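Written out below as structure tokens is the structure these notes cover.
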Amino acid sequence: MNKQVLIASAILATTAAAQAATNEIIITAPRVQTLIKNIPGNPTIINDTTLEQGGFSSVPEALKKKAGLHVRSLSDNPNRMSVDLRGFGENSHGRVLILVNGRRINRPDQAPVNWSQIPFGNIDRIEVVRGAHTALYGDYAVGGVINIITRRGETEPETDIDVRVGSHGYNSESISTSGNLDGIGYTASIGRQAADGYRKRSEYQTLSEALSLEADITDWLGSWIDYSYIESEYEMPGGLSEAQLKQDRRQAINTDDDSEERFHTIAAGLGFYPDEHHQGTLDAGFSRKEIESNFATFASFNTWTIDTYNLSPKYVNSASPFDMDNTLTLGVDASIDELDITLYGDRPQTIRNGSSEVEKETAGFYVHDMLAIQDNLILSGGARFERAEYSIVERDGAGTVLQDTSDTHDVNAWNAGITYRPTEPLKIFARIDQLYRLPFLDEQILYAGFGSGFNKDLKPETGIAYEVGFAVVPSDELDLQCTLFRMDMEDEIAYVFPNNVNLDETRHQGVELSGSWQALDVLGFYANYTFQQVEFTAGANDGNNVPLVPQNLVTAGLDWNLIGSLHVLADVAFTDTLYAGGAVGNSTGTELDSYTLVDIALRYTHALEHAKLDLFIGIDNLFGEEYSPTAFDFAFTPGTIDSYYPAPERTYKAGMKLRF
């Protein structure tokens with residue numbers, strides 16, 4: 001199937017994976033419970049039923065298929081994938097804020113999120129809010145916000161046992177349980193995921209455990225506590241040249257590169273509800289990431305400890321002045337990231353090359369208001385003021401201080417929006433956002449063996465974003481959405497040897513079409529289409545495309561209830577051509593080919609007396625497409641891609657889930 005047919009089909013269908021009607025509650029966009037129909041935007045909700053029925057093995061897989069997002073990686077490890085919203089290419093993960101129950105899990109450096117931090121079997125829903133939300137959430141929330149909300153304790157106890165197997169030695173086992181014991185809600189899980197990997201030296205293994213408790217202390221005071229621990233090991237096979245790719249796409253270039261990670265997270269909070277018009281929350285958290293990275297290819301062996309402290313008090317006033325519904329939110333986000341890294345010249349860590357103590361302290365105050373001028377006309381707006389201070393103490397192998405310095409950034413953002421519902425099925429909206437992104441620690445400061453220095457000339461990214469759109473739900477069976485967006489960015493940050501620099505202006509603009517259609521009682525469709533034109537608008541690369549951003553993205557699928565409890569699932573995903581990372585000059589020979597992936601599965605559900613059994617079997621990449629989702633042009637040989645990261649061809653999977 002060619003590109004034009006896929007795109008035309010998506011436009012004509014205008015159906016996608018928005019798994020909720022417009023009267024469903026969403027908490028991400030305004031940072032307080034709000035009806036979707038009142039929000040100036042088109043969020044996507046992926047609920048637990050969709051996650052269960054889809055046979056997904058990770059959050060990125062669900063985001064790709066059901067929300068139509070661009071997902072790419074350097075391997076087939078599902079926990080090491082980058083998610084892109086609104087076309088940011090390299091380091092796109094740094095322009096998408098990832099939350100778990102409203103708490104950010106993005107790392108302060110350039111490394112992407114390790115998705116194994118999220119107990120997949122415990123997810124209640126995933127909220128995807130596209131577009132800039134810096135005024136509400138601060139750093140990272142440039143292209144969008146993804147909030148993963150986990151299950152909380154229910155009155156009736158419920159336990160899930162989930163077992164999955166697949167190609168290349170993939171296996172996953174987990175058990176999760178939730179319930180309520182004498183007024184204390186609980187959710188607990190433990191799991192393991194492992195695989196040999198598609199390529200040589202791409203083996204990975206992850207162990208995870210999580211526990212959440214919540215209880216009402218009084219009629220007006222609630223409390224909660226969440227704990228999780230993740231242990232992850234994975235190998236890194238490295239990128240292949242074009243000749244190596246043709247010779248053997250499964251070979252490894254890095255014969256001794258690997259990493260081990262241990263993540264500890266604990267968070268607790270209090271909720272205050274003195275009356276129906278006033279509420280407040282106090283949320284605090286601590287996480288420690290212990291990482292050992294062995295890049296034998298570069299004789300670089302590093303140990304990292306990243307400690308993060310968060311404190312977020314919030315107050316919400318829903319009093320109604322002048323008989324108009326109004327919700328005012330005031331809050332503070334304060335965080336401290338402390339990163340200690342030690343560099344060694346050998347794997348046994350006997351040759352000490354140096355160390356760095358890096359710190360980032362941020363404090364931001366925000367205000368947001370939603371005012372219903374009429375029942376069907378809602379105005380919203382807000383602002384944020386934030387200060388970030390960076391500091392480093394760097395030492396050589398003998399302990400001599402090489403640099404001891406700091407720098408501060410003061411940034412601000414604001415937004416305004418309008419939502420109009422001329423009829424109950426139709427929502428029309430518009431919004432404008434001024435945004436920013438603070439530099440990663442290792443963008444602002446070189447400390448991890450790739451040089452030394454504090455780049456005080458580096459400025460935060462800034463921009464202004466616009467979007468307009470509509471959503472229409474003419475019936476319970478049909479949900480259609482359309483969003484037009486434009487984002488003018490200044491000072492985007494990228495690495496240009498030998499340092500990180502602010503790039504010339506770029507423009508991100510396009511259209512997103514989405515919706516879902518339950519055509520018959522036994523047949524449902526979904527599809528997403530995104531057209532995005534992302535290019536430089538000034539400087540030497542004026543008119544060139546931003547690398548690693550496809551112009552067209554299409555996902556579509558169906559769920560056919562074949563007979564009884566037997567369902568056929570089919571998904572198709574098309575990714576357009578794109579330029580390799582680093583290829584800002586858009587030279588011939590640095591383009592990655594487009595690819596189309598078709599997945600198919602059978603799902604069977606059987607109700608037992610006190611339990612439910614779900615079985616599935618499936619084939620991903622049914623037609624065995626050979627493709628590389630990621631590649632880089634390091635300019636070693638002009639006009640060629642230096643490093644390809646191939647993905648698996650046809651793979652098989654099967655699984656069983658028992659709920660009782």
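The values are calculated or read from the model by the stated rules, or taken from the named source; none is laboratory data. Everything quoted here is computed from the prediction, not taken from an experiment. We place every Cβ from the backbone using ideal geometry, glycine too, and count neighbours over all the protein chains shown. Ligands, DNA and RNA are stripped out before the accessible areas are found, and what is left, the full protein with its side chains, is counted by its heavy atoms. Shrake-Rupley method; radii C 1.70, N 1.55, O 1.52, S 1.80 Å.
Within segment 538-551, the residues that satisfy the criterion of being surrounded by 15 or more Cβ atoms within 10 Å (Cβ to Cβ) and either outside any strand (DSSP E or B) or in contact with a Gly (Cβ under 7 Å, 6 or more places away or on another chain) (or both) are Asn541, Asn544, Val546, Pro547, Leu548, Val549, Pro550, Gln551.
Residues that are farther than 29 Å from Leu328 by Cβ number at least 2 in the following strands (runs of 3 or more DSSP E) confined to segment 360-442: 377-396, 401-423.
So which pairs qualify, if the first residue must be in segment 638-650 and within 15 Å of Thr596 (Cβ to Cβ), the second must be polar (S, T, N, Q) and surrounded by 17 or more Cβ atoms within 10 Å (Cβ to Cβ), the Cβ gap must be under 6 Å, and the two must be at least 6 apart or on different chains? From segment 638-650, the pairs are Glu649/Asn621; Arg650/Asn621.
Looking across segment 60-116, the residues that are basic (Lys, Arg) and either surrounded by fewer than 24 Cβ atoms within 10 Å (Cβ to Cβ) or on the phi < 0 side of the Ramachandran plot (or both) come down to Lys64, Lys65, Lys66, Arg72, Arg80, Arg95, Arg103, Arg104, Arg107.
Can you find a residue that is of a type in the set (A, V, I, L, M), touching a strand residue (DSSP E or B) at 6+ places or on another chain (Cβ under 6 Å) and in a helix (DSSP H, G or I) anywhere in segment 224-234?
The answer is no, given that none of the residues of segment 224-234 is of a type in the set (A, V, I, L, M), touching a strand residue (DSSP E or B) at 6+ places or on another chain (Cβ under 6 Å) and in a helix (DSSP H, G or I).
Pairing each residue of segment 409-428 that is farther than 20 Å from His133 by Cα and acidic (Asp, Glu) with any residue that is at pLDDT below 95 and in a strand (DSSP E or B), provided the two are 6+ apart or on different chains, yields C-beta distances under 9 Å for Glu424/Val473.
Scanning segment 179-199 for residues that are out of contact with any helix residue (DSSP H, G or I) (no Cβ under 8 Å at 6 or more places or on another chain), touching a residue at least 24 places away in the same chain (Cβ under 8 Å) and under 25 Å from Thr605 (Cβ atoms), which turns out surrounded by the fewest Cβ atoms within 10 Å (Cβ to Cβ)? Selected residue: Gly179. From the list Val473, Val468, the one residue that fits, being more than 18 Å from Phe536 (Cβ to Cβ), among the hydrophobic types (A, V, I, L, M, F, W, C) and open to solvent by less than 40 Å² (accessible area, probe 1.4 Å), is Val473. The set of residues from segment 36-82 being in a strand (DSSP E or B) and over 23 Å from Ala471 (Cβ atoms) comprises Val71, Arg72, Ser73, Met81, Ser82.
Listed here are the residues, each with its yes/no results for (1) without any contact (Cβ under 8 Å) to a residue 60 or more places away in the chain; (2) among the hydroxyl-bearing types (Ser, Thr, Tyr); (3) in contact with a strand residue (DSSP E or B) (Cβ under 9 Å, 6 or more places away or on another chain).
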residue	(1), (2), (3)
Gln481	no, no, yes
Phe485	no, no, yes
Tyr495	yes, yes, yes
Asn500	no, no, yes
Arg507	yes, no, yes
Val511	yes, no, yes
Ser516	no, yes, yes
Ala519	yes, no, yes
Val522	yes, no, yes
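Output yes when any residue across segment 89-100 is closer than 23 Å to Thr530 by Cβ, small (Gly, Ala, Ser) and either without any contact (Cβ under 8 Å) to a residue 60 or more places away in the chain or in a strand (DSSP E or B) (or both), and no when none is. No.
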